[in-house]
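Input: a single structure, listed below in C-alpha cells.
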Amino acid sequence: VITPEKVVELYELAGKKLEGNIAIKVHSGEEGNPNFLKPEFWKPVVDFVGGTIVECNTAYDGARNTSERHRKLFKKHGWSDMFTVDLLDAQGPDMVLDIPKGVVIQKNYVGKDLANYDSTLVLSHFKGHPMGGYGGAIKQLSIGVASSFGKAYIHGAGDPAAIWSADHDSFLMSMADAAKSVVDYFKGEAVY
C-alpha cells in the first residue's frame, strides 16, 4: 500500500538530497475531477523536502487556463492553504530551453519562474491520457513544466496551431524532447 509516509521512505531510498530552492511538481487537479492525489497525501514529503509546489497553466479552456482561475482552483483544492505555490508561467515571457539534439523540437517553452529553482522533485500521479498514453514523470516534466504556449508547441510537434491535429508519434517524441530539456536544465538535481 502506498501511503504518504511510504512516499517519504521512497524519497529517502532514492539517496539523493535535493538542495537549494526546490520545485515540487504536482498536478493540481482538474475542476470537477477527483482523480488526482490531494495535497494532504503529498504533505509529508513536501514538508520533509521543504520545497515550493509548482505548476503551469493549461493550453485549453477550463479552470487552469489563466493564472487567476488556476490560483482559485489551487485554493479550492487546498494546495495554497498547505503550501507555497508558484505558477511558473503566471507572467511572461517564457523561459526557452534549447534542445540541440531534439528529435522533433529544438526548443522548449517553460514558465520563466523555473529559473528560481536549483532542483526538482517530481510527484506524479499515474493515469491514462488521451494523447500521451500513460501519464507520469515524463508528462510532468514536459507538458507539466511547459508554459501555456509551450504546451501547444509540444502538442503540435513544433506548430502551436496544430495543438490537437499533429501527428501522434511526433507529439510523443516532442514530449520526450521537452522532458529531456528539463532534466538537462536541472543537471541531475532531480528526484522522480
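Determine whether Tyr185 is under 30 Å from Val8 (Cβ atoms), in contact with a strand residue (DSSP E or B) (Cβ under 8 Å, 6 or more places away or on another chain) and among the aromatic types (Phe, Trp, Tyr).
Judged against the criteria, Tyr185 is a match.
Scan the range 143-160 residue by residue and report those that are of a type in the set (Gly, Ala, Ser), at pLDDT 95 or above and not in a helix (DSSP H, G or I).
Ala146, Ser147, Gly156, Ala157, Gly158
Mind counting the residues in the range 50-69 that are without any contact (Cβ under 8 Å) to a residue 60 or more places away in the chain, crowded, with 19+ Cβ neighbours inside 10 Å and under 18 Å from Phe186 (Cα atoms)?
1
Out of all the residues in the range 58-95, which are touching a Phe, Trp or Tyr at 6+ places or on another chain (Cβ under 6 Å) and of a type outside the set (Gly, Ala, Ser)?
Val85, Asp94
Taking the range 94-129, which residues are in contact with a strand residue (DSSP E or B) (Cβ under 9 Å, 6 or more places away or on another chain), open to solvent by 50 Å² or more (accessible area, probe 1.4 Å) and assigned to a loop (DSSP other than H, G, I, E, B)?
Passing the criteria: Asp94, Gln106, Asp118, Phe126.
Would you confirm, using the coordinates I've provided, whether Thr84 is open to solvent by 50 Å² or more (accessible area, probe 1.4 Å), more than 18 Å from Ile143 (Cα to Cα) and touching a strand residue (DSSP E or B) at 6+ places or on another chain (Cβ under 8 Å)?
For Thr84, the condition - open to solvent by 50 Å² or more (accessible area, probe 1.4 Å), more than 18 Å from Ile143 (Cα to Cα) and touching a strand residue (DSSP E or B) at 6+ places or on another chain (Cβ under 8 Å) - is met.
Take the residues in the range 161-192 that are touching a Gly at 6+ places or on another chain (Cβ under 9 Å) and part of a loop (DSSP other than H, G, I, E, B), then tell me which one is surrounded by the most Cβ atoms within 10 Å (Cβ to Cβ).
For the range 161-192, the residue satisfying everything is Ala166.
Among the residues in the range 15-27, are any of a type outside the set (Ser, Thr, Tyr), open to solvent by 20 Å² or more (accessible area, probe 1.4 Å) and under 18 Å from the mean Cα position of the chain (by Cα)?
yes
List, please: which pairs have Cβ atoms under 7 Å, are six or more places apart or on different chains, and start with a residue in the range 87-102 that is over 19 Å from Ala23 (Cβ atoms) and end with one that is surrounded by 12 or more Cβ atoms within 10 Å (Cβ to Cβ) and among the hydroxyl-bearing types (Ser, Thr, Tyr)?
Ile99/Ser181
Which pairs turn up if I take residues in the range 163-174 that are charged (D, E, K, R) and look for partners that are modelled with pLDDT of 95 or more and crowded, with 18+ Cβ neighbours inside 10 Å with beta carbon separation below 8 Å, at least 6 apart in sequence or on another chain?
Between residues of the range 163-174 that are charged (D, E, K, R) and residues that are modelled with pLDDT of 95 or more and crowded, with 18+ Cβ neighbours inside 10 Å, the close pairs are Asp167/Ala157.
Within the range 31-45, work out how many residues are under 22 Å from Leu13 (Cα atoms), in contact with a strand residue (DSSP E or B) (Cβ under 8 Å, 6 or more places away or on another chain) and either free of Cβ contacts under 8 Å to residues at least 40 places away in the same chain or surrounded by fewer than 17 Cβ atoms within 10 Å (Cβ to Cβ) (or both).
Residues flagged as under 22 Å from Leu13 (Cα atoms), in contact with a strand residue (DSSP E or B) (Cβ under 8 Å, 6 or more places away or on another chain) and either free of Cβ contacts under 8 Å to residues at least 40 places away in the same chain or surrounded by fewer than 17 Cβ atoms within 10 Å (Cβ to Cβ) (or both) within the range 31-45 amount to 0.
Considering Lys76, Lys72, Lys17, which residue is of a type outside the set (Ser, Thr, Tyr) and within 24 Å of Phe186 (Cβ to Cβ)?
Lys17
The values are calculated or read from the model by the stated rules, or taken from the named source; none is laboratory data. Note that the coordinates shown come from a computational prediction; the quantities given were computed from them, not determined experimentally. Counting neighbours? That spans all protein chains shown, and the Cβs are built from the backbone with ideal geometry, glycine included. These accessible areas exclude ligands, DNA and RNA; they are computed on the full protein's heavy atoms, side chains included. Shrake-Rupley method; radii C 1.70, N 1.55, O 1.52, S 1.80 Å.
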